[in-house]
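Report on the structure given below.
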């Protein structure tokens, strides 16, 4: 697939805990790099200590992707302010991917940077896993989206269907999630940008799921996995 249709220079992925937005952000940056796009990944996740983009900083450097995050000595702390590095990324010519943690609480961090987002050059992607609590219905998704918009001080442009049950995910789960997320997107007067699927499901999913798909390589696992 190509992300060119839906992305701008600055692209923000956010969603509640368990949505999988970090995996989507990581793979979006990787997809851009594979297609010759120079990109920067900005880790603004202050919510989840186990799934943070900063954890793959050294690995992604090998792909030519810069990961902006706190210095190593405080990389495991919750430091929401990265003024110099983040502002520098926003004024550069590179594609910028934001990984924003949590629900409205995490989105508040993004709100601090809203005045610096280049007008007309950014898009906000709301990552949804319809298999998570409070994200299983159109009403729940729409309500959470509005809370996030208020906290982030900007509007959501697209929904990403990231419906999954981890290693137990089937194509049917993704297809069902796409139906729900499309209905939620219609409620919000937006659309679904793409569905993300685990790499080993991408081939069988091609003939069963319509619309754009982003195959996911898994870089992060919880310590108990």
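The values are calculated or read from the model by the stated rules, or taken from the named source; none is laboratory data. What you see is a predicted model; the values in this text were computed from it and never measured. Note that each Cβ is placed from the backbone with ideal geometry, even for glycine, and that neighbours are counted across all protein chains shown.
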Report, by residue number, each residue of the range 170-186 that is surrounded by 23 or more Cβ atoms within 10 Å (Cβ to Cβ) and farther than 14 Å from residue 211 by Cβ.
184
Could you list, in sequence order, the residues of the range 8-19 that are in a loop (DSSP other than H, G, I, E, B), at pLDDT 90 or above and buried (at least 24 other Cβ atoms within 10 Å of the Cβ)?
15, 19
Can you find a residue that is surrounded by 14 or more Cβ atoms within 10 Å (Cβ to Cβ), at pLDDT 80 or above and closer than 17 Å to residue 218 by Cα anywhere in the range 79-98?
no
Examine the range 127-141 for a residue that is assigned to a strand (DSSP E or B) and in contact with a strand residue (DSSP E or B) (Cβ under 8 Å, 6 or more places away or on another chain), and state whether such a residue exists.
yes
Please work out which residue is farthest from residue 200 (Cα to Cα), limiting yourself to the range 131-149 and to residues that are in contact with a helix residue (DSSP H, G or I) (Cβ under 7 Å, 6 or more places away or on another chain) and modelled with pLDDT under 95.
147
Filtering the range 86-116 for residues that are under 24 Å from residue 64 (Cβ atoms) and not in a helix (DSSP H, G or I) leaves a count of 10
In the range 148-174, which residues are under 17 Å from the mean Cα position of the chain (by Cα) and in a helix (DSSP H, G or I)?
148, 149, 151, 152, 174
Here the residues within the range 27-54 that are modelled with pLDDT of 90 or more and either in a helix (DSSP H, G or I) or buried (at least 18 other Cβ atoms within 10 Å of the Cβ) (or both) are 27, 28, 29, 30, 31, 32, 33, 34, 39, 40, 41
Condition met for residue 145 (buried (at least 16 other Cβ atoms within 10 Å of the Cβ) and either under 26 Å from residue 218 (Cα atoms) or in contact (Cβ under 8 Å) with a residue 40 or more places away in the chain (or both))
yes
Run down 201, 188 and say which single residue is farther than 22 Å from residue 28 by Cα and touching a helix residue (DSSP H, G or I) at 6+ places or on another chain (Cβ under 9 Å).
188
If I filter the range 121-130 for residues that are modelled with pLDDT of 90 or more, in contact with a helix residue (DSSP H, G or I) (Cβ under 6 Å, 6 or more places away or on another chain) and closer than 28 Å to residue 85 by Cβ, do I get at least one hit?
yes
